[in-house]
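The values are calculated or read from the model by the stated rules, or taken from the named source; none is laboratory data. What you see is a predicted model, and the numbers here were worked out from it, not measured in a lab. Neighbour counts run over all protein chains shown; Cβ positions are idealised from the backbone, glycine included.
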Amino acid sequence: METLKAIEQRKSTRSFKPDQISEQDLEIILNAAIKAPVAFGEYSNLHLTVVQNLNLLENLKDIGMDCYRDPIRDMYYGAPTVIVISTKHGSVPELDMANAGTIAQNILLAATDLGLSSCYVWGTALACRVEPDFVDDLDLSEGFEPIGSVAIGYATAEDADAPSLAQGKITINRVK
């Protein structure tokens, strides 16, 4: 698939089938993730955690429901794979979110290119503030904290046909 086609087709999926993605697709996605541009080349301040353990995903679902005070909200929408992006604070802490964003975008586009569905989920960072034990479940090295994540899988039939909602939502002006 061409890059622009992947960008055009990418959308946020909010209803996943339980079917797990292949190990081959996961490796391609992770390879795309680690090639993201990172401010000041501070790659050592970033870490990815792949979560495919059903018990941990169920725990994350419960934490998300607590965070959003919603007894039915699954912040990962039933996705069988979640990639958590974690950071240590670098030399310019404000760039942590930007770095996570470039990694997430590479993950999202790679997933689309492979015919998978995905959704960027900032709620992971919120969940860690509300439920610090969640960080322990991720088995992160000292100093790392989750800043975002991407849910990946196959869209359910009703979500697969949903249109992309971004068209025309961002205003543009030109200064010459």
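Looking only at segment 34-44, decide whether some residue is more than 19 Å from Pro146 (Cβ to Cβ), surrounded by 13 or more Cβ atoms within 10 Å (Cβ to Cβ) and not basic (Lys, Arg). Within segment 34-44 (the criterion being more than 19 Å from Pro146 (Cβ to Cβ), surrounded by 13 or more Cβ atoms within 10 Å (Cβ to Cβ) and not basic (Lys, Arg)), the answer is no, since none of the residues qualifies. Please tell me if Thr102 is in a helix (DSSP H, G or I) and surrounded by fewer than 21 Cβ atoms within 10 Å (Cβ to Cβ). Taking the combined requirement at face value, the residue satisfies it.
Residues that are closer than 21 Å to Gly153 by Cβ and at pLDDT 85 or above do occur in segment 87-100. Of all residues in segment 72-88, none are assigned to a helix (DSSP H, G or I) and among the small types (Gly, Ala, Ser).
Which residues, counting only those in segment 83-99, are among the aliphatic types (A, V, I, L, M) and surrounded by 23 or more Cβ atoms within 10 Å (Cβ to Cβ)? Don't jump to the end; show me each part of the working.
Initial filter on segment 83-99 (among the aliphatic types (A, V, I, L, M)): 83-85, 92, 95, 97-98.
Of everything in segment 83-99, those that are among the aliphatic types (A, V, I, L, M) and surrounded by 23 or more Cβ atoms within 10 Å (Cβ to Cβ) turn out to be Ile83, Val84, Ile85.
Can you tell me which residues in segment 105-126 are assigned to a helix (DSSP H, G or I) and not small (Gly, Ala, Ser)? Give the steps one after another, and end with the answer.
Initial filter on segment 105-126 (assigned to a helix (DSSP H, G or I)): 105-113, 123-126.
The answer is Gln105, Asn106, Ile107, Leu108, Leu109, Thr112, Asp113, Thr124, Leu126.
Among the residues of segment 42-60, is any among the charged types (D, E, K, R), part of a loop (DSSP other than H, G, I, E, B), in contact with a Ser or Thr (Cβ under 8 Å, 6 or more places away or on another chain) and modelled with pLDDT under 90? Yes, that holds for at least one residue.
Among the residues of segment 5-36, the one identified as assigned to a loop (DSSP other than H, G, I, E, B), modelled with pLDDT of 95 or more and in contact with a helix residue (DSSP H, G or I) (Cβ under 6 Å, 6 or more places away or on another chain) is Ala36.
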